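Input: a single structure, listed below in structure tokens.
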Amino acid sequence: MAATMTKKDLVWRSSTLFFDIVYCCGMFSRIRWIFLFLFFTVSQCWSDEAYEREEFLKREYSLMKPYQGLGSSSSSHWDLLGTAMITTEHVRLTPDLQSRQGAVWSRIPCYLRHWELQIHFKIHGQGKKNLNGDGLALWFTKERMQIGSVFGNMDLFTGLGVFVDTYPNDDKHQERVFPYVSAMVANGSVKYDHELDGRPTELGGCTAIVRNQNHDTFLLVRYVHRRLTIMTNIDGKQEWRDCVDRPGVHLPLGYYFGASSLTGDLSDNHDLISLKLYELTVPHSEQEEEEEEVTIPSVDNMVIRNVEIEDQGMSGVTLFFTIIFSVLGCFLLCVVGIVVYSRWKENRRKRFY
Ligand SMILES: [Ca+2]
């Protein structure tokens, strides 16, 4: 936004100055039309370049310093939950202590079609590498203000979750380097699988060495024309790197933005410095006009299903007791059958004599 305004201002000021000079010199008529033609051509090129140039910060969905009245006042746009607390420098979702859960949730449902969320965060703590946990998550969901096991939020959520997972629970897959950023879209019937670090349901992801860094670390989540893009800026070089790029992601309007975090046996400070939401103005596509309103989150070419029920089936303990009770039942039926049969046989014999 700032970059565009500067360029356009510069062009406009230059044009005004140029008109004055040209007018003074009496050459106004022909040159004016040539100049106007050039000006509009250049402006058109800039506006076609990219939607970032037309972005607008939406303060009602953003969380920035100073965090005055956050959570407590009625005019605040955000609520705090669990261990989340405000300092002058950040909103600390969890301290570097075991078994803590904290979150911040936007109070206003978001009806923007195209948006970009930039997250400035810091994860740091005393624990050595892989002796820290569990990470933080960003949310765009139907539900809000629920404490739970998925990075401090409820399981079986409806919407989008973006996870900065700092602890590798699944030690069988050593090829993946943690911390790891991944995304998941769920429709209220899918569990996040902690033991597998969410692998069965992830849309994509990337390694992001974000812990105990001295420089600032950022994450970007962009949703434009049903395309979900996640980028990281974590090297202190002010460069965005691609992490997830997935078309065909259908998210309903009217969901809530949130951020949450959880510590278990292992811990970290999970600090949120800012959440900035930009509305992106993008060229309207005919395809978009034809599309029906999304009511249930979904992803093209991906079946969102209940992993727990379909994949695990009957557990070992359940199977053991089912067999035991079946055998006992059969035995009992046989005993009853034998008793009834011998009584009947005895009665029959008595009748004969
Ligand atoms: Ca994990």
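Would you pick out the residues in region 123-143 that are buried (at least 20 other Cβ atoms within 10 Å of the Cβ) and more than 17 Å from TYR278 (Cβ to Cβ)? Matches in region 123-143: ILE123, GLY125, ASN132, GLY133, ASP134, GLY135, LEU136, ALA137, TRP139, THR141.
Scan region 198-222 residue by residue and report those that are of a type in the set (A, V, I, L, M, F, W, C) and within 16 Å of the ligand (Cβ to nearest atom). Answer for region 198-222, where residues must be of a type in the set (A, V, I, L, M, F, W, C) and within 16 Å of the ligand (Cβ to nearest atom): CYS206, ALA208, ILE209, VAL210.
Within region 145-174, the only residue that satisfies the criterion of being among the hydrophobic types (A, V, I, L, M, F, W, C), touching a Lys or Arg at 6+ places or on another chain (Cβ under 9 Å) and assigned to a strand (DSSP E or B) is VAL150.
In this structure, ILE108 does satisfy being assigned to a loop (DSSP other than H, G, I, E, B), of a type in the set (Val, Ile, Thr) and either surrounded by fewer than 23 Cβ atoms within 10 Å (Cβ to Cβ) or within 16 Å of the ligand (Cβ to nearest atom) (or both).
A quick yes/no check of all residues on (1) over 30 Å from GLN126 (Cα atoms); (2) of a type in the set (A, V, I, L, M); (3) at pLDDT below 85; (4) assigned by TED's automatic domain parsing to the domain that holds VAL164:
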position	(1), (2), (3), (4)
VAL294	yes, yes, no, yes
PRO297	yes, no, no, yes
VAL336	yes, yes, no, no
SER342	yes, no, no, no
ARG351	yes, no, yes, no
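Evaluated against (1) at pLDDT below 70; (2) surrounded by 15 or more Cβ atoms within 10 Å (Cβ to Cβ); (3) within 30 Å of GLY159 (Cβ to Cβ); (4) not aromatic (Phe, Trp, Tyr), ALA84 falls short on exactly one condition, (1). Would you confirm whether or not region 276-286 contains a residue that is of a type in the set (Ser, Thr, Tyr), surrounded by fewer than 21 Cβ atoms within 10 Å (Cβ to Cβ) and farther than 28 Å from PRO66 by Cβ? Checked against the condition, which is being of a type in the set (Ser, Thr, Tyr), surrounded by fewer than 21 Cβ atoms within 10 Å (Cβ to Cβ) and farther than 28 Å from PRO66 by Cβ, region 276-286 yields at least one hit.
Taking GLN238 and the conditions (1) part of a loop (DSSP other than H, G, I, E, B); (2) buried (at least 18 other Cβ atoms within 10 Å of the Cβ), which numbered condition does it fall short on, given that it satisfies the others? GLN238 satisfies every listed condition except (2).
I need the full set of residues from region 190-217 which are more than 19 Å from ILE119 (Cα to Cα) and among the β-branched types (Val, Ile, Thr), in order please. Hits for region 190-217 are VAL190, THR201. Residues that are surrounded by 24 or more Cβ atoms within 10 Å (Cβ to Cβ) and within 16 Å of the ligand (Cβ to nearest atom) within region 151-160 comprise PHE151, GLY152, ASN153, listed in sequence order. Of all the residues in region 165-180, those that are surrounded by 15 or more Cβ atoms within 10 Å (Cβ to Cβ) and more than 12 Å from the ligand (Cβ to nearest atom) number 0. For region 181-197, residues that are more than 10 Å from the ligand (Cβ to nearest atom), of a type in the set (A, V, I, L, M) and either in a loop (DSSP other than H, G, I, E, B) or closer than 19 Å to LEU266 by Cβ (or both) total 2. When region 111-141 is filtered for residues that are in contact with a His (Cβ under 8 Å, 6 or more places away or on another chain), more than 16 Å from the ligand (Cβ to nearest atom) and of a type outside the set (D, E, K, R), the ones remaining, listed by number, are HIS114, PHE121. Among residues of region 133-144 being modelled with pLDDT of 95 or more and part of a loop (DSSP other than H, G, I, E, B), the one that is farthest from the chain's Cα centre (by Cα) is ASP134.
The values are calculated or read from the model by the stated rules, or taken from the named source; none is laboratory data. Fair warning: this is a prediction, and the values are worked out from it, not measured in the lab. Cβ: placed from backbone, ideal geometry, glycine included. Neighbour counts: every protein chain shown.
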